[in-house]
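Report on one structure; see the data block that follows.
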Amino acid sequence: MIFLENIMVNIKKLPFRDDPKLIDEDLLDKTAICPVCKTHTKIPWLEKLDYPLKSKLIEGTDTYLVQKDFPIICGNSDCNIKYFVNVPVLPVENIWGLYGDDAGRLINDLPKKYNGRSVSFQCITMVACHIDKQNELKENILNLKKEIRPNVDPNSWNHHFYDIWGSNVKEKKYSFENLQEKINYANKFSKIIRDARPSLVTLNFSNAVYLPKNSIEKKSLIKYQKEILFSESIMGSLSVFRNQNKSVIWTFDNTQDTSNTNKTEGWALERFLGLQYTRLFSWIAAGSPLKEPMFVKPGSHFLLEVADFISFWIAREFFKSIKEEKIEVPSSLFGHAYYQCTLSNGDVESVWSYGLPMEKMYKLKVYS
């Protein structure tokens with residue numbers, strides 16, 4: 001415990017951003033018991049601590065010092081001592097690489113019942129694959145890429161479905177002759193994802209907000225929406241894997257091409273640091289060492305291409321559903337996956353299902 005107070009002197013000067021206001025229902029009323037006066041004090045899960053509860057790599061080794069308790073002040077004003085609460089340490093059977101990519105839609109011209117309002121939908125998909133299945137999955141994706149660019153090495157180009165879907169068939173960048181061939185191709189990609197399960201695990205996190213008319217307020221809200229979704233995806237994915245005695249390493253597509261730079265998403269790392277200032281993060285980490293998320297060149301790993309594909313279609317499915325139009329490739333084709341969304345009242349809904357449960361989470365019908 002002492003080592004944290006010593007090494008955090010400079011860390012405390014780093015910028016950070018506030019945590020999402022999400023607490024598991026089972027933790028809401030959890031209390032700590034003072035070792036002196038035995039007073040029960042409700043744990044302030046999201047209260048900002050004096051220092052972040054970070055893992056610390058021991059120099060010259062591959063071993064981490066991990067925070068396994070957090071401080072709390074006794075709620076009895078006559079006692080008021082500072083003591084420490086142990087987190088539930090879970091074993092780490094293995095570490096999974098999680099690869100994440102996002103997608104969003106700004107949706108105007110909605111049906112009349114929305115009274116002229118606009119909506120912003122954002123989602124992040126995280127993808128992990130068991131090492132025994134990775135080579136087969138990668139080979140299947142490479143072979144599929146060859147179908148639409150037969151004369152180009154599939155390892156030399158990144159599979160961004162937004163670009164594929166929006167491509168002009170007359171330009172012949174891809175081998176499609178019409179829209180139906182693009183849909184057929186997407187169905188093949190969906191089958192690859194579906195057939196790779198359960199070795200392939202995907203988690204999708206999403207939210208949707210009505211947008212204000214004011215352009216400055218709109219821009220600010222969308223920025224906040226994206227940032228809070230990132231934090232929710234970190235906490236949600238960590239919770240899912242730690243509950244299975246796994247730990248994680250996060251790798252995200254950078255929103256800008258980093259071919260010639262080492263640019264990272266500074267705001268995201270500030271969000272991650274902000275999470276570590278809370279007791280909640282330490283509790284969910286459950287004794288596992290955790291590194292900062294990495295940000296890499298878009299599409300630079302085949303699992304990022306899978307995350308890109310799923311995020312594209314989840315965002316499009318929401319877009320088509322709220323517009324009351326038919327979706328070309330429903331998310332149910334991706335197989336059994338984890339979905340989490342933030343509801344309008346701030347609560348979080350999560351479920352394992354075949355496709356985004358649009359009606360349950362967003363009160364929308366999928367037209368397929």
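The values are calculated or read from the model by the stated rules, or taken from the named source; none is laboratory data. Note that the structure is a prediction, hence the values are computed from the model and not measured. A quick note on method: Cβ atoms are made from the backbone with ideal geometry, for glycine too, and the neighbour counts reach across all protein chains shown. Please note that ligands, DNA and RNA were not included when accessible areas were found on the heavy atoms of the full protein model with its side chains. Shrake-Rupley method; radii C 1.70, N 1.55, O 1.52, S 1.80 Å.
Of all residues in segment 45-63 being closer than 22 Å to E270 by Cα and exposed (fewer than 15 other Cβ atoms within 10 Å of the Cβ), which is modelled with the lowest pLDDT? Reasoning before the result, please.
Going through segment 45-63, the residues closer than 22 Å to E270 by Cα turn out to be 45-57.
Next, from what is left, pick out any that are exposed (fewer than 15 other Cβ atoms within 10 Å of the Cβ): 47-48, 50, 57.
Working: E47: 90, K48: 90, D50: 88, L57: 68.
In this case the residue turns out to be L57.
For segment 22-44, filtering for residues that are in contact with a Ser or Thr (Cβ under 9 Å, 6 or more places away or on another chain), exposed (fewer than 13 other Cβ atoms within 10 Å of the Cβ) and in a loop (DSSP other than H, G, I, E, B) leaves 0. Entry remark, segment 167-195: residues being part of a loop (DSSP other than H, G, I, E, B) and open to solvent by less than 80 Å² (accessible area, probe 1.4 Å) number 6 in total.
Kindly check whether there is at least one residue in segment 72-83 that is under 26 Å from the mean Cα position of the chain (by Cα) and either open to solvent by less than 30 Å² (accessible area, probe 1.4 Å) or over 27 Å from L269 (Cβ atoms) (or both).
Applying the first criterion (under 26 Å from the mean Cα position of the chain (by Cα)) to segment 72-83 yields none.
For segment 72-83, residues under 26 Å from the mean Cα position of the chain (by Cα) and either open to solvent by less than 30 Å² (accessible area, probe 1.4 Å) or over 27 Å from L269 (Cβ atoms) (or both): absent.
Restricting I164, I124 to those that are under 30 Å from V209 (Cβ atoms), modelled with pLDDT of 95 or more, in a strand (DSSP E or B) and open to solvent by less than 70 Å² (accessible area, probe 1.4 Å) reduces the list to I124. The helices (runs of 4 or more DSSP H) located wholly in segment 277-368 that include 3 or more residues which are open to solvent by less than 50 Å² (accessible area, probe 1.4 Å) and more than 26 Å from D26 (Cα to Cα) occupy 302-322.
Scanning segment 149-166 for residues that are under 17 Å from W313 (Cβ atoms) and among the hydrophobic types (A, V, I, L, M, F, W, C) yields F161, I164, W165. Looking across segment 208-217, the residues that are open to solvent by less than 80 Å² (accessible area, probe 1.4 Å) and free of Cβ contacts under 8 Å to residues at least 12 places away in the same chain come down to P212, N214.
The number of residues in segment 127-161 being open to solvent by 50 Å² or more (accessible area, probe 1.4 Å) and in a strand (DSSP E or B) comes to 0. Taking segment 306-330 as the range and being among the hydroxyl-bearing types (S, T, Y) and free of Cβ contacts under 8 Å to residues at least 40 places away in the same chain as the test, no residue passes.
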